[in-house]
Amino acid sequence: REILEKNKDKILGIIRIDPGYPRESCAKMEKWIRNGPCIGIKYLLQKDGITCSHPNSDPIVRLAAELGAPIYIHSWLKVGGTPRSPGGGRSPGEATPMDVAVLAKRFPNVPMICGHSGGDWELGARAVRPYENVLFEFAGSYSHSGSVDYAVNELGADRIVWGDHGPGRSFATELSKVLDASLSHSDRMKIFGGNYRRTWAKLFREKGIPT
């Protein structure tokens, strides 16, 4: 907490929440976002198997909207199951882009991030395409030339945000996904931070964070 408070011009913290425990998650958001240095929440793999699309998420998302806080959702499509299918091999409580789409449909005015491009950038982009409140992020996904071009064509440059996924991925790897794409300089700058700062500018101003 001390590090975040002293270095808010360099480091922005988000907290992990769990829709299996909505009341506790909201209390954590009050402590660390409303009354603390953090700016957003993250859905990861939930121990009890409840994903972001579960109704338990509703009070969490409503509070995030009230706070103006970013909602980052780990999403990944693993092939598996019987019969084998994309998403059939996911871990318990692991969201897919389809789960993100379900949540986004319930809260069309609340911006959220579909993390890791869903692990499959073609299926992921198509899953969230109808929901303009969803931003698409490539951190940690496999490095495929043309992936960002595809997502920009499907969603528009205003809906793509960059992430580094360190230390699991190198900065060079993550930067190359955007630098490889056939984009204008202004669109690259949107992806490299402009879209994030624009979407959550109000919270940044309230917390005195440079935008």
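The values are calculated or read from the model by the stated rules, or taken from the named source; none is laboratory data. What you see is a predicted model, and the numbers here were worked out from it, not measured in a lab. Please note: Cβ atoms are built from the backbone with ideal geometry, for glycine as well, and neighbour counts cover all protein chains shown. To get the accessible areas, we keep the full protein, side chains included, count just its heavy atoms, and leave off ligands, DNA and RNA. Shrake-Rupley method; radii C 1.70, N 1.55, O 1.52, S 1.80 Å.
One residue stands out in segment 176-211 among those that are touching a residue at least 60 places away in the same chain (Cβ under 8 Å) and under 20 Å from residue 147 (Cβ atoms): the one that is farthest from the chain's Cα centre (by Cα), namely 195.
For segment 104-118, residues that are part of a helix (DSSP H, G or I) and of a type in the set (S, T, N, Q) total 1. In segment 158-211, counting only helices (runs of 4 or more DSSP H) that sit wholly within it, none holds 3 or more residues that are of a type in the set (Asp, Glu).
In segment 143-161 there is no residue that is under 18 Å from residue 11 (Cα atoms), of a type outside the set (D, E, K, R) and surrounded by fewer than 21 Cβ atoms within 10 Å (Cβ to Cβ). In this structure, is residue 103 under 20 Å from residue 44 (Cβ atoms), open to solvent by less than 70 Å² (accessible area, probe 1.4 Å) and touching a residue at least 60 places away in the same chain (Cβ under 8 Å)? No, not satisfied.
Please enumerate the residues belonging to segment 133-164 that are of a type outside the set (A, V, I, L, M, F, W, C) and under 13 Å from residue 195 (Cα atoms). If the condition is that a residue be of a type outside the set (A, V, I, L, M, F, W, C) and under 13 Å from residue 195 (Cα atoms), then 133, 137, 156, 158, 159, 163 are the ones that fit.
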